[in-house]
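The values are calculated or read from the model by the stated rules, or taken from the named source; none is laboratory data. Please read all numbers here as calculations on a predicted model, not as lab measurements. Positions of Cβ are backbone-derived with ideal geometry, glycine not excepted, and every protein chain shown enters the neighbour counts. These area figures cover heavy atoms from the full protein model, side chains too; ligands, DNA and RNA do not enter into them. Shrake-Rupley method; radii C 1.70, N 1.55, O 1.52, S 1.80 Å.
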Amino acid sequence: VNLRYGILNPLSRTGTESDTCTACAGTMILEFAALSRLSGESVFEDHARKALDVLWERRQRGSDLVGTVINIHNGEWVRKDSGVGAGIDSYYEYLMKAYILLGDNTFLQRFNIHYSAIMKFISQPPLLLNVHMHNPTVSVRSWMDSLLAFFPGLQVLTGDLKPAIETHEMLYQVTKQHKFLPEAFTTEFRVHWGQHLLRPEFAESTYYLYKATGDPYYLRVGQSIVEKLNAFARVPCGFAAVQDVRTGTHEDRMDSFFLAEMFKYLYLLFSEKSQLPINIDDYIFTTEAHLLPISLSTTQASVQTNVTEDAAVAHHEDLFTHSCPSTETLFPNNPSFAKTIRDGYKYLTGVGRAFTPLPVREIELPLHDNGMEPWNQEFLRSMGISLTPLNDITLGEASGPKQHKGVFRVKLVAEVSQSPEEELVVPHVVQLISPPFLGRTVLTAGPAKFGMDLTKQEHGVKGTIVKASPYTACGPIENAAKVKGRIALALRGDCMFAAKARWLQQAGASGVIFIDHREGSNSEETPLFQMVGDGDSTEDITLPLVFLFNREGSVLTAALEEHHNVEVLLLPKEMQLGKDKSEKPVSMNIKLRLREEGEPEERAARGPTLELVLENKEVLLNEEGEEELSGKQESRQQQVCTQGRTEPCSTD
């Protein structure tokens, strides 16, 4: 709200006042209702209820889901992706908590209908994936944001402990892998956005689960949170947000929610009820962990005009629909209830998995690498074949000396084939080609997952750069005449990349270079990432788009200020002017099969193959774990390379 001109006056416009997120509109009822109950003025609670009514009426009736961003004037959904994380999270939280604080069954009814839809479409235990509100059977993205970490805590309030335990354990495994929850991470638990703002939602859910289960495991989880904060976020003047969990670099910020929520939940986690100056059960937490007394609904006069009436909606009710269940009801005399659920997700990310030796069978590959040249071993490794000494395989066996008989002649066949490469971030560059730079100044840039694919442009995209006005490009472009036909510079922040791109494309720009607004960020310390869309289709965006970190962006803007007419080239790094083209490495899939004794050669795989021929000898492991042969002959290794022929090739 512009304090001078308000909302409706054209002078107040910057282009960002028409939309709001679902959580923004739906996270006022607790505070505003408390204000009305304490002051006797109904206007605050009345307006908060009206906002909730609009969101409820605008839900998708087929799926009972809501979108992420809504137009505040006409009620149309701007972003139609639906989840439980950023943009929606506390809307669901406040429906449940409004029922707890105010006792209005309407809020509980709405929450239960939404919750059934969430568990049907969004929950894929232990994951919570965004879907399209109109087509909820399809996930719209393959990554999750860290704000959804509050949801297990809300599920505890609901009484649905099993999925709460599952999702919380998944999140805990991600923190083990990356020290903190990244701002966003993929379904394979890799970093999608590396930033960590010291968000408290994971600690909040840990607190709720400990209070619900009494399982000391959650005290250990809380301990790990404290230890990681002290080890990786503590600085002389407080605790600093982490710019990227992969590098550990800090940002010069500590948000207020860190003090309001993180420390409070950790304090309560490790405190007994008798140690607290108040009875915590007499209060409800707001979304920022401020306490409101539940007695407000009974001791303060209610305002008659603010009770929302709702048409009856058919909804299945169970034992816990109108109550918070006790632990005795959920799992009587079973303290290991939570553990049995967690164990299925203990090694979800692969971190912490104990090494389990493979069982040694009566067929082995007793290869001796004493005379093998390093390049031979490297060649095998490049094909996905690793050689492990037998004493390593049998390490830990307590059976003493054990005889392994190498009585089989085996053939290891490797078929070489091209495999699709794993999706990686392809580095791009902004190359300054006008005088006095002449291609010598090259700035590393990140690509976008939408817009023009620069990897398919033989010579990249060339153009003169100009700063957009407004610089954030979150509204109509004021200098459209200058932008037309040029590559526009736009500052990151205030709205989505896709929104900026649409405004600049509408103004006639030939390309866009986004510049990070975080002071000092650079490509040397922060891994590149791919810019993503806004959840809706981005097929309408056809501009080439690249992203520069702050330090590289400063070089570009300084050049523009000094020389005014700066021409650049946008292209993948490997295609930059003056760079020698190097051969791209080829990855391979390896298929292995064993050929039986006497099998004709014709059945061997055609094409490039690798054959290992083993002698018919016995191998004995002595007490020291060294290999010995049962005969007097010394062991030897024979490698046979077949390329349409079979000839021995010595490795000596």
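Residue-wise, which Karplus ³J(HN,Hα) couplings in Hz belong to the range 524-530, taking 6.51 cos²θ - 1.76 cosθ + 1.60, θ = phi - 60°, and x for glycine or proline?
Computed from phi, the couplings for the range 524-530 are 6, 9, 10, x, 5, 9, 9 Hz.
Using only the alpha carbons of the range 155-257, what is the convex hull's orientation-averaged projected area in square nanometres?
Projected over every direction and averaged, the Cα hull of the range 155-257 covers 6.8 nm².
Tell me, what is a quarter of the convex hull surface for the C-alpha atoms of the range 1-144, in nm² with one decimal? Show your work: numbers first, answer last.
Working: hull surface 39.5 nm².
About 9.9 nm², averaged over all directions.
What are the ³J(HN,Hα) values, in whole Hz, obtained from phi via the Karplus relation 6.51 cos²θ - 1.76 cosθ + 1.60 with θ = phi - 60°, for each residue of the range 247-263 in sequence order, with x given for Gly and Pro?
Using θ = phi - 60°, the values come out as 10, x, 5, 9, 10, 8, 7, 9, 5, 5, 5, 5, 6, 5, 10, 4, 5 Hz.
Give the Rg (one decimal place) followed by the Dmax (whole number) of the range 90-204, computed from C-alpha coordinates and expressed in Å.
14.6, 43
Can you give the local net charge around residue 261? Use residues other than it whose beta-carbon is closer than 10 angstrom to its beta-carbon, Lys and Arg +1, Asp and Glu -1.
Combined, the nearby Lys, Arg, Asp and Glu give -2.
Roughly speaking, what is the stretch gain from residue 250 to residue 278, that is 0.36 nm per residue apart minus the C-alpha to C-alpha distance, in nm to one decimal? Can you show the working numbers first?
On the way: separation 28, 0.36 × 28 = 10.08 nm, distance 3.66 nm.
Full-extension gain reported as 6.4 nm.
Figure the gain on full extension for residue 232 and residue 453 (residue separation times 0.36 nm, minus the Cα-Cα span) and round it to one decimal in nm. Can you show the working numbers first?
On the way: separation 221, 0.36 × 221 = 79.56 nm, distance 3.79 nm.
My answer for the length gained is 75.8 nm.
Over the Cα atoms of the range 124-176, what radius of gyration and what Dmax do you get, in Å?
11.8, 36
Suppose each label sits 7 Å from its Cα in the direction of the beta carbon; what would the residue 124-residue 555 distance come out to in nanometres?
4.0
Once the Cα gyration tensor of the range 1-72 is found, what semi-axes does its equivalent ellipsoid get, as square roots of 5 times the eigenvalues, in whole Å, sorted largest first?
Details: eigenvalues 103, 96, 14 Å².
Rounded to whole Å, the semi-axes are 23, 22, 8.
How would you order 555-562, 151-158 from highest to lowest mean count of nearby Cβ atoms within 10 Å?
Working: 555-562: 14.9, 151-158: 24.5.
Result, highest mean first: 151-158, 555-562.
How many nm separate the modelled label positions at residue 11 and residue 343, each set 7 Å beyond the Cα in the direction of the Cβ?
Reported label-point gap for residue 11 and residue 343 is 7.1 nm.
If you wrap the range 421-519's Cα atoms in a convex hull and average its projection over all directions, what's the area in nm²? Write down the numbers at each step before the final one.
Values: hull surface 30.0 nm².
The directionally averaged projection comes out at 7.5 nm².
Any idea what % of Cα-Cα pairs in the range 209-305 are farther than 21 Å? Present the calculation step by step, with values, prior to reporting the outcome.
Working: 2335 of 4656 pairs.
Of the Cα pairs, 50 percent sit more than 21 Å apart.
Please give the per residue accessible area of the range 1-108, computed with a probe of 1.4 Å over protein heavy atoms only, in Å². Don't jump to the answer; show the numbers that get you there.
Numbers: 4590 Å² over 108 residues.
Roughly 42 Å² per residue, with all protein chains present.
Give me, ordered by chain and number, the residues 5 or more places off residue 250 or on other chains with an amide H under 5 Å from its own placed amide H.
243
Taking only protein heavy atoms and a 1.4 Å probe, what accessible area per residue, in Å², does the range 225-288 have with all protein chains in place? Intermediate values should be presented prior to the final figure.
Values: 3530 Å² over 64 residues.
Result: 55 Å² per residue.
Cα-Cα pairs above 20 Å in the range 200-266: how many percent? Don't jump to the answer; show the numbers that get you there.
Details: 696 of 2211 pairs.
Within the range 200-266, distances greater than 20 Å cover 31 percent of Cα pairs.
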